[in-house]
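Working notes, beginning with the structure itself.
Each value in this text was obtained by applying a stated rule to the coordinates, not by laboratory testing. Quick caveat, the model's predicted, so the values are computed rather than measured. As a convention, Cβ positions derive from the backbone with ideal geometry for all residues, glycine included, and neighbour counts pool all protein chains shown.
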Amino acid sequence: MRVSVIGGGAITDEQAARAEAVGRELGAREHTVVCGGRGGTMEAVCRGATDEGGTTIGILPSDRREQANEYVDIPVATGLGHARNALVPMNGDAVIALTGGVGTLSEIGFAGIYDRPVVGLATHDVSSLEADLALEIETVETPAAAVDAVEAALERRS
């Protein structure tokens with residue numbers, strides 16, 4: 001299964017540790033990580049997945065694959081800038097949303113458009129999104145619970 005992990009490019013050490021733990025969980029369970037391929041959340045989740053032998057895909061905003069962080073196994077250059085935000089959730093079977101800004105919110109929105117299950121871990125207050133947009137976002141407390149939740153959501157769909 002591919003899991004898109006979304007979150008901010010500029011994050012704290014605590015947020016980086018959380019993203020890395022999510023990556024380790026995904027890698028240990030043999031899930032492929034899809035992300036935006038740059039720094040912050042994206043680099044931390046890829047580092048964690050790589051540490052556990054997982055595979056990582058980075059959907060880059062630029063037209064240069066070499067701009068991917070060092071933990072991306074498969075860089076995908078798009079040249080689309082922020083428009084690439086649609087491609088990150090589209091290329092996962094489910095989405096784990098971590099702390100981020102408006103880019104992360106746009107990816108949450110695209111996850112809803114593409115009917116991907118979304119799990120929030122220390123992300124935006126999504127209660128108004130759920131009510132306003134009829135978008136169900138399961139909120140969890142730990143990296144392991146986030147991966148458990150995406151696995152369970154996909155199991156229910158199959």
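In nm, what is the difference between 0.36 nm times the number of residues separating V102 and H82 and their Cα-Cα distance?
Residue separation times 0.36 nm, minus the Cα-Cα distance, leaves 6.2 nm.
Label D115 and A17 with points 7 Å out from Cα along Cα→Cβ: what is the distance between them in nm?
So the two model labels end up 4.0 nm from each other.
Assuming 0.36 nm per residue, please report the length gained on full extension of the stretch E52 to D73 beyond their Cα-Cα distance.
Length difference between fully extended and current span is 6.2 nm.
Return the calculated 222 nm mean residue ellipticity for the chain, to the nearest 500 deg cm²/dmol, obtained by summing -39500 (n - 2.57) across DSSP H runs with n ≥ 4 and dividing by the residue count.
That calculation yields -12500 deg cm²/dmol at 222 nm.
Of A16, P89, P117, which is farthest on the positive side of the dipole of segment 2-157, counting Cα position, with +1 on Lys and Arg Cβ, -1 on Asp and Glu Cβ, and the Cα centre as origin?
P89
In whole angstrom, how far apart do the alpha carbon centroids of segment 134-158 and segment 6-50 sit?
Cα centroid of segment 134-158 versus Cα centroid of segment 6-50: 17 Å apart.
What number comes out for the charge environment of E25, summing +1 per Lys or Arg and -1 per Asp or Glu over other residues with Cβ under 12 Å away?
For residues surrounding E25, the net value is -3.
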